[in-house]
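Notes to accompany the following structure.
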Amino acid sequence: MAWSEKSWMAVWDQRRQDNPTAANGEAARRYFSTKEYMLSGAENMFSKPQKVYDDRFFDDFSIPSNTWYVYDNIPLRESIKNNVHFPIATSYYGDDKTQPPIKQPRLLTVSVDVEECETVVFDSYPKKDGSRNTEYGYDQQSETYHQKIHYDKELMVEHIVASTSVPIHYDYTYVPINYEYDGDGERENRGRADSQQQNQQLQSNISSHRRFWFGGILSNTPLRDLIRSHQDYWTEVEEAEKIPDLEVYVVDVWPSMEDKKYPIRPDYDSVIDRKKGLTYQDKTPYDEKVANIVSDYFNLTKELLNLAKEKNATPEEINKILDKTGKSLHHTGAKKTIPQSLKV
């Protein structure tokens, strides 16, 4: 007899009438569907997991043990390749900056450098010199970055997958420090079928790569990274006097507030679900609050400057105050200074 999802769910709903603590049909469907995907893999997303043993402490018999399941994301990589035209290289002006801008879409992906413990943004827009790279890990003593990822031609699948590599469930995504392109724009090792074998080979030559995890660990709703990248492009690349406004839409898949109709239960699944909700919730309200505070102080400073000018304060007196540096740091790590536009 053919399996019927509706009939199966109806049985659970009937069971719940006899046992109020049982899950309803829809909850049971989601629960066992998740179990099935975890055991068998999900088409176009990840393969069947491999059981990994860590026998350093010989405690495979204990609960919990150091044994876990690792999924291979080759199906996800292939899905992305089949649906995205690589390589990805866009710009505000297109191929000819002498012509009116065509405003190509800009792709920013956010990952976390595992060793550096810092969010890293890969950008489809070029720098002022036309290159594409990402610098991070600012050293205050040398006043230089000690990490730089080069992808001069364009973004490739590694830069996309790096933002999706959830810790423990997946291995790191190894992104080359200097991306090597062949004639098709792909890397020379694109034909390898086993990502775990590839990762083992990369581990032996880790000096040429950086390891990345899911960007949501440090910045699940990367509004700050978006604003910073937007400002940097218009101030450093375009040298614009006024930074264009941004219209931002946030898709929140982890609600910060629970529906009062469904109180938090003390069972395992509810606790785990709530923990993930709190960990990966939308951080935009806090980022907006900080951005608004900075804007308020900036506007206040402009009003006080105008007042000082009306009271006949000299340019030397005003600039002496504006030349002072505060305790706050720029995202590069350098001390912040007052914008030149405010000086008299």
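What follows draws every value from the coordinates through simple rules; no lab data is involved. Keep in mind that this is a model prediction, so the values were computed, not measured. Note that each Cβ is placed from the backbone with ideal geometry, even for glycine, and that neighbours are counted across all protein chains shown.
Can you give the longest stretch of the chain with no exposed loop site, where a site means chymotrypsin sites (Phe, Trp or Tyr not before Pro) in a DSSP loop (not H, G, I, E or B) with at most 11 other C-beta atoms within 10 Å? If you can, show how the numbers build up before the last one.
Numbers: sites that count: Trp3, Tyr53, Phe57, Phe58, Phe61, Tyr249.
So the longest stretch without any such site is 62-248.
Please compute the length gained on full extension between Leu322 and Lys275, using 0.36 nm multiplied by the number of residues separating them and subtracting their Cα-Cα distance.
Numbers: separation 47, 0.36 × 47 = 16.92 nm, distance 4.54 nm.
Length gained, Leu322 through Lys275: 12.4 nm.
Out of Val251, Val110, Val237, any idea which swings most in a Gaussian network model of the chain, alpha carbons joined below 10 Å?
Checking each option, the largest mean-square fluctuation is seen for Val251.
At a threshold of 8 angstrom on Cα-Cα distance, excluding pairs fewer than six apart, so keeping six or more, what relative contact order does the range 1-120 reach in percent? Can you show the working numbers first?
On the way: 114 pairs, mean separation 15.6, N = 120.
The normalised contact order for the range 1-120 reaches 13 percent.
What are the residues whose amide H is under 5 Å from the amide H of Gln147, where those residues sit 5 or more places off or on another chain and H is modelled from the backbone?
It is Tyr136, by chain and number.
If you average the alpha carbon positions of the range 93-137 and of the range 45-77, how far apart do those two centres end up, in angstrom?
For the range 93-137 versus the range 45-77, the Cα centre distance is 35 Å.
What number comes out for the charge environment of Glu303, summing +1 per Lys or Arg and -1 per Asp or Glu over other residues with Cβ under 12 Å away? Present the calculation step by step, with values, prior to reporting the outcome.
Values: positive: Lys302, Lys309; negative: Asp296, Glu310.
Charge balance in the 12 Å sphere: 0.
Out of the range 1-104, which GluC sites (Glu not before Pro) are coil in DSSP terms and have no more than 16 other C-beta atoms within 10 Å? Don't skip to the end; give the middle numbers.
On the way: sites: Glu5, Glu26, Glu36, Glu43, Glu78; in loops: Glu43.
Here the GluC sites (Glu not before Pro) that fit, given the DSSP loop and packing criteria, are Glu43.
At a threshold of 8 angstrom on Cα-Cα distance, excluding pairs fewer than six apart, so keeping six or more, what relative contact order does the range 5-70 reach in percent?
Details: 55 pairs, mean separation 12.4, N = 66.
Reported relative contact order: 19 percent.
Cα convex hull of the chain: how many Å³ per residue? Mind showing how you got there, number by number?
Working: hull volume 83.4 nm³, N = 344.
Cα convex hull per residue, to the nearest whole number: 242 Å³.
Pull out the extension gain between Asp96 and Tyr286, defined as 0.36 nm times the separation in residues minus the alpha carbon to alpha carbon distance; nm, one decimal.
Working: separation 190, 0.36 × 190 = 68.40 nm, distance 3.95 nm.
Taking 0.36 nm per residue and subtracting the Cα distance, the gain is 64.5 nm.
Amide H to amide H, which residues 5 or more places from Glu118 or on other chains are under 5 Å from it, using H placed in the peptide plane?
Result for Glu118 returns Asp113.
Largest first, please: the extent of the C-alpha atoms of the range 5-70 along each principal axis, to the nearest Å.
Taking the Cα atoms of the range 5-70, the three principal extents are 48, 32, 11 Å.
In percent, how large is the relative contact order of the chain, given Cα pairs closer than 8 Å and 6 or more residues apart? Walk me through the numbers on the way to the answer.
Values: 425 pairs, mean separation 37.6, N = 344.
Over the chain, the number comes to 11 percent.
Among Leu39, Leu155, what is the fewest-to-most ranking by other Cβ atoms within 10 Å?
Numbers: Leu39 10, Leu155 22.
Ascending number of Cβ neighbours within 10 Å: Leu39, Leu155.
With springs only between Cα atoms under 10 Å apart, run a GNM on the chain and tell me which of Ala28, Ala291, Ala42 wobbles the most.
Looking only at Ala28, Ala291, Ala42, the largest GNM fluctuation is found for Ala28.
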